Amino acid sequence: MDTIRIPKVADVQIYRPVKGAQTRGSGTLHLTAHHLIYTYSAPSAIQPESGANPDEMWVPYPLINHLSRPPQTLQGLSPLSFRTRTFEAFVLYFAKDSDALQVFDTVRELTVVGKSALNRAIEHLNPF
């Protein structure tokens, strides 16, 4: 797919201000056609109530409400800040600014539908 510029980024740090989940960690980011998948590199000691895997975080692109690219940190990391429609927030920190820019562009292109004809919910077939 042409819109996925970088399908996998290793050594990405994450910060999630959520109670009961891993708040800080490092891992690998995978970008697919429909999901952003973050896999923690160290297994978690947290056992969730549901059958979900606590070592992975799956975010469907339609769930992303806000994506921003704040300035670099004092450590030289390039952050991407996400907010979802379910009021979750997380920040991904990349070691290279080029990786952050490619992920930003990829998520932006996969999240925003440019034309209404590409949106299957609006598709209309004229019966005549």
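How far apart, in nm, are two points set 7 Å out from the Cα along the Cα-to-Cβ line at residue 5 and at residue 41?
2.4 nm
Across the range 59-70, in residue order, what do the Karplus-derived ³J(HN,Hα) couplings come to in whole Hz, using 6.51 cos²θ - 1.76 cosθ + 1.60 with θ = phi - 60° and x for Gly and Pro?
Ordered by residue, 3J(HN,Hα) equals 10, x, 4, x, 7, 6, 9, 9, 10, 9, 10, x Hz.
So if R0 is 41 Å, what FRET efficiency would residue 98 and residue 23 give, r being the distance between their Cβ atoms, rounded to the nearest 0.05?
The value I calculate is 0.90.
A short reminder: the numbers here are calculations on the coordinates, not readings from a lab. All values derive from a computational prediction rather than experimental measurement. A quick note on method: Cβ atoms are made from the backbone with ideal geometry, for glycine too, and the neighbour counts reach across all protein chains shown.
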